[in-house]
Protein chains: 2
Amino acid sequence: MLNRQILLASRPTGEPSLDNFRLVETPIPSLADGHVLVRHLYLSVDPYMRGRMNDAKSYAAPQPLDTVMIGGTVGEVVASRSAHFVEGDQVVGMGGWQEYAVVDGSHAGQLRKIDTSHIPLGAYLGPVGMPGVTAWYGVEKIIRAKPGGTLVVSAASGAVGSVAGQLGRARGMRVVGFAGGPEKCRIVTEEYGFDACIDYKVHPDLKSLSAALKIACPDGIDGHFENVGGLILDAVLLRANAFARVALCGMIAGYNGQPIPMLFPQLLLTNRMTIEGFIVSEHMEVWPEALRELGTMVASRTLRYRESIAEGIEAAPEAFLGLLKGKNVGKQLVRLA
Amino acid sequence: MLNRQILLASRPTGEPSLDNFRLVETPIPSLADGHVLVRHLYLSVDPYMRGRMNDAKSYAAPQPLDTVMIGGTVGEVVASRSAHFVEGDQVVGMGGWQEYAVVDGSHAGQLRKIDTSHIPLGAYLGPVGMPGVTAWYGVEKIIRAKPGGTLVVSAASGAVGSVAGQLGRARGMRVVGFAGGPEKCRIVTEEYGFDACIDYKVHPDLKSLSAALKIACPDGIDGHFENVGGLILDAVLLRANAFARVALCGMIAGYNGQPIPMLFPQLLLTNRMTIEGFIVSEHMEVWPEALRELGTMVASRTLRYRESIAEGIEAAPEAFLGLLKGKNVGKQLVRLA
């Protein structure tokens, strides 16, 4: 039986392209004792993968060349020599961009059984998975959302931003998003229930963006969930209240090497702000609590989300490149079966 | 009896000058019931006063025009109609730039009795006063200094920086300072016991400053106490370790309106850093604990400090302007008697 895989073929200079990836077919090895064969049903593509394509010091080790692109997956156990899994188990793991994965079933955390009776399978890669917990950590542990203040979220229509805003609303904050284009802004306010959404594409300079933010946040800004950086972060700082807190989750504006200076860092001082960068995989202790809240909200449909789904393993690179350009709406998945 | 006072006469555009201040003589009013007359022995001049000269949104309300410059003072009670003070009491307060102050003795915190048997009077405006507690808060509460890491301190020869570095050393950190000129650097290492000090004046660009920092901090940077901003903050970020923490206490590089962009804010994310701006007067709850440690260290001479002393109320504006240009060494005081 053959396994189709996407490898990192070369490192990008600036914007990545399809040439950086290569599709290969390899035979699936026979299972060693304790191992499990998982057939992937969905792959996750996420902005953090752009950082791993570089050979630079970052929070994650670089993705090695000529290896399967690492990433979250959900699937089904199709063969097991582990006491912990049986054929037919639905599981979430980090199987990478390939149709099948062989996983050591005895390593706790590498593979986790999931229950899809109330929560759809794909949601375990979105609001009830890494993106959801990322949003939860930023809103709960860094921003410390509480009733009455204003929360701003960039990339608000995305997998992380959409959850961050809804968690802020659930905690009683006024929530304002940034998104690109009228359709995404409509989704952010009408579907996700944000109080307002600013289309950053019609505000290409700081003056215009600041003016829009002033209207959307008449009482200033108390918390900011940052996925983008650059102009948006500058505009937010100019409108921040005393003791405002910023969860720095991503800075996609600079992922291809563009300069994204923070123009007025002195505002961090005059407003006695806290800004904290984080990566959710370093805070595994919060996952159970976060997943409980997120799972309950998804099951009860009080947390809304969207998925953009590409079909087939060969579509993964293009889906990823589209994600980096904001072509997706909500969580970008690749469906394999 | 006449009281000589320095008023804020006008607001500076860019760099302040002597013209912004005016010396006046006013009669001392007779004391109301509950009030105390204090004769000032020392005035404090501090960098934060530059911010209050502007009519801009900041953490402190602007200093109103034609009023006595606000500032810390130590002195002696020369008349009292308060049950809480008697003639001869030595006190610390916020009496401002004037020879005498009338203070309501019933307002807790406006005036505090001090004991000069083991701690010199002037130290209550320096290491055992606001600058010392500022250093303590940043090192203890924001940076969370602990043995083994490297702490960097800008304006290391100053009233705050010198204490911050010594507190870091007392907590087992390797401590590296920035100061301007060989004499200040000598004081920082030889007198204050820092492990190294970088003369920023011989490193006018980021490349040169980064190279010097790399040599001084072979194991990277875990904590940074920032008084300056600009180039120094950029260089520190480039050398920061994962989970490094920055206490943002001052950004004197931008106090006259110079742009001081942070060039690489994405490092806050990739290094999962925390940066926090603060002003110590908003954390009064830590003062007793901080003053206990600082007072013990000064009394036992394990905390070293220096003072630059100007003579007479009329010298206060020039002492303040010199402070902003780094002409002082250690705490800048004005002696009145």
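Could you please let me know if residue A:71 is touching a strand residue (DSSP E or B) at 6+ places or on another chain (Cβ under 7 Å) and not assigned by TED's automatic domain parsing to the domain that holds residue A:316? No. The C-beta contact set for region A:16-38 (first residue buried (at least 18 other Cβ atoms within 10 Å of the Cβ), second residue of a type in the set (Ser, Thr, Tyr) and not in a loop (DSSP other than H, G, I, E, B), distance under 6 angstrom, 6+ apart or interchain) comprises A:36/A:80.
Quick grid of which residues meet (1) farther than 22 Å from residue B:331 by Cα; (2) modelled with pLDDT of 95 or more:
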{"site": "B:20", "(1), (2)": "yes, yes"}
{"site": "B:23", "(1), (2)": "yes, yes"}
{"site": "B:29", "(1), (2)": "yes, no"}
{"site": "B:58", "(1), (2)": "yes, no"}
{"site": "B:68", "(1), (2)": "no, yes"}
{"site": "B:73", "(1), (2)": "no, yes"}
{"site": "B:87", "(1), (2)": "yes, yes"}
{"site": "B:92", "(1), (2)": "no, yes"}
{"site": "B:109", "(1), (2)": "yes, no"}
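Out of all the residues in region A:200-217, is one or more at pLDDT 95 or above, farther than 22 Å from residue A:132 by Cβ, within 14 Å of chain B (Cβ to nearest Cβ) and crowded, with 19+ Cβ neighbours inside 10 Å? Checking region A:200-217: not a single residue is at pLDDT 95 or above, farther than 22 Å from residue A:132 by Cβ, within 14 Å of chain B (Cβ to nearest Cβ) and crowded, with 19+ Cβ neighbours inside 10 Å.
Residue A:224 meets each of the listed conditions (1) modelled with pLDDT of 95 or more; (2) more than 9 Å from chain B (Cβ to nearest Cβ); (3) open to solvent by 20 Å² or more (accessible area, probe 1.4 Å) apart from (3). Quickly run through region A:235-249 and pick out the residues that are more than 7 Å from chain B (Cβ to nearest Cβ) and open to solvent by less than 10 Å² (accessible area, probe 1.4 Å). Answer for region A:235-249, where residues must be more than 7 Å from chain B (Cβ to nearest Cβ) and open to solvent by less than 10 Å² (accessible area, probe 1.4 Å): A:235, A:236, A:237, A:240, A:244, A:246, A:247. Condition first: more than 18 Å from residue A:232 (Cα to Cα) and touching a His at 6+ places or on another chain (Cβ under 8 Å). Now tell me which residues in region A:134-177 satisfy that. Residues satisfying the conditions are A:137, A:141. Filtered by the rule that a residue be within 17 Å of residue B:241 (Cβ to Cβ) and among the charged types (D, E, K, R), region B:138-170 gives B:144, B:146. Taking region B:73-101 as the range and being in a loop (DSSP other than H, G, I, E, B) and open to solvent by less than 10 Å² (accessible area, probe 1.4 Å) as the test, the residues that pass are B:96, B:97.
Count of region A:102-113 residues, restricted to those that are in a loop (DSSP other than H, G, I, E, B) and either open to solvent by 50 Å² or more (accessible area, probe 1.4 Å) or basic (Lys, Arg) (or both), is 4. Residues of region A:143-151 include at least one that is closer than 17 Å to residue A:212 by Cβ and open to solvent by less than 10 Å² (accessible area, probe 1.4 Å). State which residue pairs qualify: first residue within 14 Å of another protein chain (Cβ to nearest Cβ) and inside region A:268-297, second residue open to solvent by less than 30 Å² (accessible area, probe 1.4 Å) and charged (D, E, K, R) in any location, beta carbons under 8 Å apart, and separation of 6 or more residues or different chains. Within 8 Å, the pairs are A:276/B:272; A:277/B:272; A:278/B:272; A:279/B:272; A:282/B:272. Would you say residue B:280 is open to solvent by less than 30 Å² (accessible area, probe 1.4 Å) and either hydroxyl-bearing (Ser, Thr, Tyr) or touching a helix residue (DSSP H, G or I) at 6+ places or on another chain (Cβ under 7 Å) (or both)? In short, yes. Only residues that are in contact with a strand residue (DSSP E or B) (Cβ under 6 Å, 6 or more places away or on another chain), modelled with pLDDT under 95 and assigned to a helix (DSSP H, G or I) were counted across region A:299-336, and they come to 1. Selection of region B:85-108 for residues being free of Cβ contacts under 8 Å to residues at least 40 places away in the same chain and either farther than 25 Å from residue B:158 by Cβ or of a type in the set (Lys, Arg) (or both) yields B:86, B:87, B:88, B:89, B:90, B:107, B:108.
Restricting to region B:250-266, name every residue that is more than 24 Å from residue B:164 (Cα to Cα) and crowded, with 21+ Cβ neighbours inside 10 Å. Residues satisfying the conditions are B:265, B:266. Would you confirm whether any residue within region A:153-162 is within 14 Å of another protein chain (Cβ to nearest Cβ), open to solvent by less than 10 Å² (accessible area, probe 1.4 Å) and touching a residue at least 24 places away in the same chain (Cβ under 8 Å)? Yes: region A:153-162 contains one or more residues that are within 14 Å of another protein chain (Cβ to nearest Cβ), open to solvent by less than 10 Å² (accessible area, probe 1.4 Å) and touching a residue at least 24 places away in the same chain (Cβ under 8 Å).
When restricted to residues that are assigned to a helix (DSSP H, G or I) and surrounded by fewer than 24 Cβ atoms within 10 Å (Cβ to Cβ), region B:167-182 contains 3.
Only one entry in B:294, B:269 is over 25 Å from residue A:283 (Cα atoms) and among the aliphatic types (A, V, I, L, M), namely B:294. Among the residues examined, residue A:128 qualifies as within 20 Å of the chain's Cα centre (by Cα), surrounded by 24 or more Cβ atoms within 10 Å (Cβ to Cβ) and not in a helix (DSSP H, G or I). Right, residue A:296: open to solvent by 10 Å² or more (accessible area, probe 1.4 Å), farther than 26 Å from residue A:49 by Cα and at pLDDT below 95 or not? No: the conditions fail for residue A:296.
For region B:252-267, give me the residue count where each residue is facing chain A (nearest Cβ under 7 Å) and β-branched (Val, Ile, Thr). Adding up the residues that qualify gives 1.
A count restricted to region B:251-267 and to residues that are within 22 Å of residue A:247 (Cβ to Cβ) and touching a residue at least 40 places away in the same chain (Cβ under 8 Å) stands at 1.
The residues listed here are A:161, A:148; of these, the one that is touching a Gly at 6+ places or on another chain (Cβ under 7 Å) and part of a loop (DSSP other than H, G, I, E, B) is A:148. So is residue B:145 more than 16 Å from residue B:293 (Cβ to Cβ) and not assigned by TED's automatic domain parsing to the domain that holds residue B:323 or not? For residue B:145, the condition - more than 16 Å from residue B:293 (Cβ to Cβ) and not assigned by TED's automatic domain parsing to the domain that holds residue B:323 - is not met.
Within region A:302-337, if we keep just the residues that are basic (Lys, Arg) and over 15 Å from residue A:120 (Cβ atoms), the residue that is surrounded by the most Cβ atoms within 10 Å (Cβ to Cβ) turns out to be A:327. The residues of region A:179-201 that are within 19 Å of residue A:127 (Cα to Cα) and of a type in the set (Phe, Trp, Tyr), listed by number, are A:192, A:194.
The values are calculated or read from the model by the stated rules, or taken from the named source; none is laboratory data. What you see is a predicted model; the values in this text were computed from it and never measured. Reconstructed Cβ throughout: ideal geometry from the backbone, glycine too, with neighbour counts over all protein chains shown. To get the accessible areas, we keep the full protein, side chains included, count just its heavy atoms, and leave off ligands, DNA and RNA. Shrake-Rupley method; radii C 1.70, N 1.55, O 1.52, S 1.80 Å.
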